[in-house]
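The values are calculated or read from the model by the stated rules, or taken from the named source; none is laboratory data. All values derive from a computational prediction rather than experimental measurement. Don't worry about glycine lacking a Cβ; one is built from the backbone with ideal geometry, like all the others, and counts go over all protein chains shown. When the accessible area is computed, the model is the full protein with side chains, heavy atoms only, and any ligands, DNA or RNA have been set aside. Shrake-Rupley method; radii C 1.70, N 1.55, O 1.52, S 1.80 Å.
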Amino acid sequence: QVQLVESGGGLAQAGGSLSLSCAASGGTFSSYSMAWFRQAPGKEREFVANITRILGSTYYADSVKDRFTISRNNAKNTVYLQMNSLKPEDTAVYYCAAGAFGRRPLDYNYWGQGTQVTVSS
């Protein structure tokens, strides 16, 4: 029903920036809360940030607070994650998700395939 495609991942140096995008299709984008999760090798998938359907209330994991910014453009069916002051520990596959507002993977119905973010020291 909803397809999500992430883009913008790549390689950055510590202290640098990357901007991720997630384009949605097949559903009413404004009907869904959106979130970013990430998963590093050998670790469980962890919450990064989310944003509510229309008003755009946001919540961030403590590990990225004040460094990352989530936003959405409902007219473009796109959610973004601006990542600044990157750290090596930010290295992970980043996943876009759509569904109910929450901080757990089970709160989300639809997932993208992920985009790799690698931060070198």
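Is one or more of the residues making up the stretch 13-24 open to solvent by 60 Å² or more (accessible area, probe 1.4 Å), part of a loop (DSSP other than H, G, I, E, B), of a type outside the set (D, E, K, R) and out of contact with any helix residue (DSSP H, G or I) (no Cβ under 7 Å at 6 or more places or on another chain)?
Step one: list which residues in the stretch 13-24 are open to solvent by 60 Å² or more (accessible area, probe 1.4 Å), which gives 13, 17.
In the following step, the residues that additionally are part of a loop (DSSP other than H, G, I, E, B) were identified as 17.
Now restrict to residues that are of a type outside the set (D, E, K, R): 17.
Applying the additional criterion that residues be out of contact with any helix residue (DSSP H, G or I) (no Cβ under 7 Å at 6 or more places or on another chain) yields 17.
Yes: one or more hits.
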| query | Of all the residues that make up the stretch 35-62, how many are open to solvent by 70 Å² or more (accessible area, probe 1.4 Å), within 22 Å of V5 (Cβ to Cβ) and basic (K, R)? | reply | 2
| message | Being more than 15 Å from V5 (Cβ to Cβ), touching a Gly at 6+ places or on another chain (Cβ under 6 Å) and not acidic (D, E): is that true of L86 here? | response | yes
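Out of the residues in the stretch 25-34 that are in contact with a Gly (Cβ under 9 Å, 6 or more places away or on another chain) and in a strand (DSSP E or B), which is surrounded by the fewest Cβ atoms within 10 Å (Cβ to Cβ)?
S33
Tell me, which residue of the stretch 100-119 that is closer than 15 Å to R38 by Cβ and assigned to a loop (DSSP other than H, G, I, E, B) is least open to solvent (accessible area, probe 1.4 Å)?
Applying the filter and picking the extreme gives G112.
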| Going through the stretch 35-58 one residue at a time, which ones are within 14 Å of V79 (Cβ to Cβ), out of contact with any Leu (no Cβ under 9 Å at 6 or more places or on another chain) and in a strand (DSSP E or B)? | A35, F37, N50, I51, T58
| remark: Pairs returned, first residue in the stretch 37-60 that is of a type in the set (K, R), second residue that is modelled with pLDDT under 95 and open to solvent by 30 Å² or more (accessible area, probe 1.4 Å), beta-carbon separation under 8 angstrom, 6 or more apart or interchain, are R53/S30; R53/S31; R53/Y32; R53/F101
| task | Determine if the stretch 9-28 includes at least one residue that is at pLDDT below 95, touching a Lys or Arg at 6+ places or on another chain (Cβ under 7 Å) and over 22 Å from N84 (Cβ atoms). | result | no
| remark: Over the stretch 88-99, the set of residues farther than 17 Å from K43 by Cα and either at pLDDT 95 or above or open to solvent by 50 Å² or more (accessible area, probe 1.4 Å) (or both) is C96, A97, A98
| said: Out of everything in the stretch 63-87 that is over 12 Å from the mean Cα position of the chain (by Cα) and either of a type in the set (A, V, I, L, M, F, W, C) or open to solvent by 70 Å² or more (accessible area, probe 1.4 Å) (or both), what residue ends up being nearest to A23 (Cα to Cα)? | reply: K76
